[in-house]
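Written below as structure tokens is the structure these notes are about.
The values are calculated or read from the model by the stated rules, or taken from the named source; none is laboratory data. In this text, all values refer to a predicted model and were calculated from it rather than measured experimentally. With ideal geometry, Cβ positions are generated from the backbone for all residues, glycine too; neighbour counts draw on all protein chains shown. We work out accessible area using only protein heavy atoms, side chains counted, and drop any ligands, DNA or RNA first. Shrake-Rupley method; radii C 1.70, N 1.55, O 1.52, S 1.80 Å.
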Amino acid sequence: MTPAILVTLVVLWQLVLVGYTFTLAGNAADEAARAGTAASPGARQGACRAAGTDTLSGAWSSGATVTCATSGGMVTADVTVRVPILFPGTLSFPFDVTGHAGAIEEETD
């Protein structure tokens, strides 16, 4: 019975890590889009990328990519994060989790 309990706990822990990675990717994309709207158009890409990577902790930020775009008055951000296997900062699954967010571009007076 003990091996079945241990395997169940490992599987549950891995599912928690997958869910947490989805949460981190979505939050990082939201912060990146928000930072992109507040920055001037010339500095938008840098501010967006910096905010997206700063939001992620060390274990998740190492393989993360942040892409930002502006079109039609909207700033959008996509953050792609690798899902760790059992312990953050070690091995990762061969699939990525993507968070997407958008915000209305701020007007300047």
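Hey, what number do you get for the chain at 222 nm if only DSSP H runs of n ≥ 4 count, each worth -39500 (n - 2.57), divided across all residues, to the nearest 500?
One gets -16500 deg cm²/dmol as the mean residue ellipticity at 222 nm.
Determine the dipole magnitude for the chain: charges of +1 sit on the beta-carbon of Lys and Arg, -1 on that of Asp and Glu, nothing else is charged, the reference point is the Cα centre, and the result goes in debye to the nearest 20.
With only Lys, Arg, Asp and Glu charged at Cβ, the dipole is about 460 debye.
Between residue 34 and residue 1, what FRET efficiency follows from the Cβ-Cβ distance if R0 is 41 Å, with the result rounded to 0.05?
So, using R0 = 41 Å, E works out to roughly 0.25.
Within the range 12-26, list the residues whose amide N lies under 18 Å from a label point set 7 Å along Cα→Cβ of residue 85.
Within reach of a label on residue 85, which here means backbone N under 18 Å from a point 7 Å along Cα→Cβ, the range 12-26 contributes 12-19, 21.
If you average over every viewing direction, what projected area does the convex hull of the Cα atoms of the range 1-45 give, in nm²?
For the range 1-45, the mean projected area of the Cα convex hull comes to 3.3 nm².
For residue 104, what accessible area in Å² do you get when you roll a 1.4 Å probe over the heavy atoms of the protein chains, rounding to the nearest 10?
120
Return the carbon/sulfur percentage of the accessible area of the chain, one whole number, probe 1.4 Å, all protein chains in place.
Ligands and nucleic acids excluded, carbon and sulfur reach 64 percent.
I need to check one value: relative contact order of the chain, counting alpha carbon pairs closer than 8 Å and at least 6 residues apart, in percent.
30
Per residue, how much accessible area does the chain show when a 1.4 Å probe rolls over the protein heavy atoms, in square angstrom? Intermediate values should be presented prior to the final figure.
Values: 6380 Å² over 109 residues.
Heavy-atom SASA per residue in the chain reads 59 Å².
To the nearest 0.05, what FRET efficiency results for residue 70 and residue 98 with a Förster distance of 30 Å applied to their C-beta separation?
Approximately 0.95, to the nearest 0.05.
Cα atoms only, the chain: Rg and Dmax in Å?
16.9, 68
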